[in-house]
Amino acid sequence: MALPAALPTLLPPPKLALRGIAKRFGATPVLDGLDFEIAEGDFVSIIGPSGCGKTTIFNIIAGLLEPDAGTLLYEGAPVDGLRGRVGYMMQKDLLLPWRTVLGNVVLGLEVRGMAPREARDKAMDYLATYGLAGFENSYPRALSGGMRQRVALIRTLIVDPDILLLDEPFSALDYQTRLYLEGVLMEAVERFHKTVVLVTHDIDEAVALSRKVVVLSHRPTRVKALHDIEIAERSPIGARSDPHFSGYFHALCSELDIQTKRVQP
Ligand SMILES: Nc1ncnc2c1ncn2[C@@H]1O[C@H](COP(=O)(O)OP(=O)(O)OP(=O)(O)O)[C@@H](O)[C@H]1O
Ligand SMILES: [Mg+2]
């Protein structure tokens with residue numbers, strides 16, 4: 001029996017797609033035509049050399065920066081940026097030092113017009129869930145680095161964004177605190193069914209947390225490789241103990257030209 005020439009596709013379009021995204025700053029070409037997709041509910045990590053444009057990609061997705069060329073598609077439709085749909089945890093300047101923990105957490109809710117009483121109750125619930133009850137009136141300077149990141153993560157999650165953009169959220173933390181917060185993130189992502197894009201320098205973090213890793217080249221930056229990560233165990237330590245973990249780890253090191261063998265004297 002002859003098949004019709006073109007079968008209508010039954011697959012939904014990806015949640016987010018970058019098509020040929022290019023950006024230069026002055027004479028420096030930074031992004032040189034990026035293409036990748038993020039499916040609904042996916043956890044995608046972006047890794048690449050420092051300065052290759054990872055934060056720039058987030059700024060374009062968030063609608064804070066315009067690309068010079070290319071298209072951003074949200075659920076199949078071209079958009080200028082996902083302002084209002086993303087929760088963006090930036091690489092720096094996470095908390096406002098002049099606001100208390102509570103003041104920082106309610107910020108996004110206030111901006112969205114939630115009544116102060118309701119915003120406060122919701123924030124207190126989240127603070128209790130993430131072990132920060134009793135710190136609501138503290139200022140960020142009085143918290144440890146891990147606690148500050150937890151507050152920043154709560155502030156990102158509480159507005160219930162469609163997509164989470166996390167730019168090296170744990171890079172300044174010690175390893176133990178990082179493992180703990182990775183667990184908090186994974187649990188939250190599963191509980192709230194979020195789509196996540198994570199930028200990280202840490203290859204083992206990318207393997208442990210993600211379903212897909214996008215490897216970027218040096219500038220002018222292109223997608224160098226895409227890896228699907230098939231690790232069933234969804235906890236930071238469990239994933240690192242999975243028999244497939246080291247294979248992915250070595251593959252990504254080699255994509256990034258990181259030497260994993262002992263250098264001969
Ligand atoms: N607003 C800007 N004006 C001029 N140049 C910029 C601007 N923002 C970024 N750049 C340049 O673009 C390049 C990419 O910067 P970006 O911050 O996106 O890199 P990154 O991959 O996030 O780096 P890192 O891993 O160190 O965080 C760098 O060379 C940077 O100097
Ligand atoms: Mg950056």
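The values are calculated or read from the model by the stated rules, or taken from the named source; none is laboratory data. Owing to the predicted nature of the structure, the values given are computational and were not obtained by experimental measurement. Reconstructed Cβ throughout: ideal geometry from the backbone, glycine too, with neighbour counts over all protein chains shown.
Structure notes:
- From Leu107, Leu72, Leu65, residue being more than 18 Å from Val213 (Cβ to Cβ), within 16 Å of ligand 2 (Cβ to nearest atom) and not charged (D, E, K, R): Leu65
- Close pairs (6 angstrom Cβ cut-off, 6 or more residues apart or separate chains): in contact (Cβ under 8 Å) with a residue 40 or more places away in the chain and farther than 17 Å from Ala188 by Cβ in the range 134-162, of a type in the set (Phe, Trp, Tyr) and buried (at least 20 other Cβ atoms within 10 Å of the Cβ) anywhere: none
- When the range 226-240 is filtered for residues that are assigned to a helix (DSSP H, G or I) and either at positive phi or among the aliphatic types (A, V, I, L, M) (or both), the ones remaining, listed by number, are Ile237, Ala239.
- Scanning the range 72-82 for residues that are surrounded by 13 or more Cβ atoms within 10 Å (Cβ to Cβ) and in contact (Cβ under 8 Å) with a residue 40 or more places away in the chain, we see that the one that is farthest from ligand 1 (Cβ to nearest atom) is Glu75.
- Phe170 vs. criteria under 14 Å from the mean Cα position of the chain (by Cα), within 27 Å of Glu40 (Cα to Cα) and aromatic (Phe, Trp, Tyr): yes
- Matching residues, the range 193-214, being within 16 Å of ligand 1 (Cβ to nearest atom) and assigned to a strand (DSSP E or B): Val197, Leu198, Val199, Val213, Val214
- Considering (1) within 16 Å of ligand 1 (Cβ to nearest atom); (2) aliphatic (A, V, I, L, M); (3) not assigned by TED's automatic domain parsing to the domain that holds Thr55, the lone condition that Ala128 does not fulfil carries the number (1).
- Residue selected from the range 34-54 under the condition within 16 Å of ligand 2 (Cβ to nearest atom) and either modelled with pLDDT under 95 or surrounded by fewer than 18 Cβ atoms within 10 Å (Cβ to Cβ) (or both), by the criterion nearest to Asp257 (Cα to Cα): Pro49
- Filter result (surrounded by 17 or more Cβ atoms within 10 Å (Cβ to Cβ) and either acidic (Asp, Glu) or touching a helix residue (DSSP H, G or I) at 6+ places or on another chain (Cβ under 7 Å) (or both)) within the range 170-179: Phe170, Leu173, Thr177, Leu179
- Every test in (1) assigned to a helix (DSSP H, G or I); (2) within 16 Å of ligand 1 (Cβ to nearest atom) is passed by Val106 save one, and that test is (2).
- Residues located in the range 9-55, provided they are away from ligand 1 (no atom under 16 Å from the Cβ) and of a type in the set (Phe, Trp, Tyr): Phe43
- Lone qualifier among Arg141, Arg155, Arg85 - being under 28 Å from Tyr175 (Cα atoms) and surrounded by fewer than 20 Cβ atoms within 10 Å (Cβ to Cβ): Arg141
- Scanning the range 56-69 for residues that are surrounded by fewer than 17 Cβ atoms within 10 Å (Cβ to Cβ) and in contact (Cβ under 8 Å) with a residue 24 or more places away in the chain, we see that the one that is farthest from ligand 1 (Cβ to nearest atom) is Ala69.
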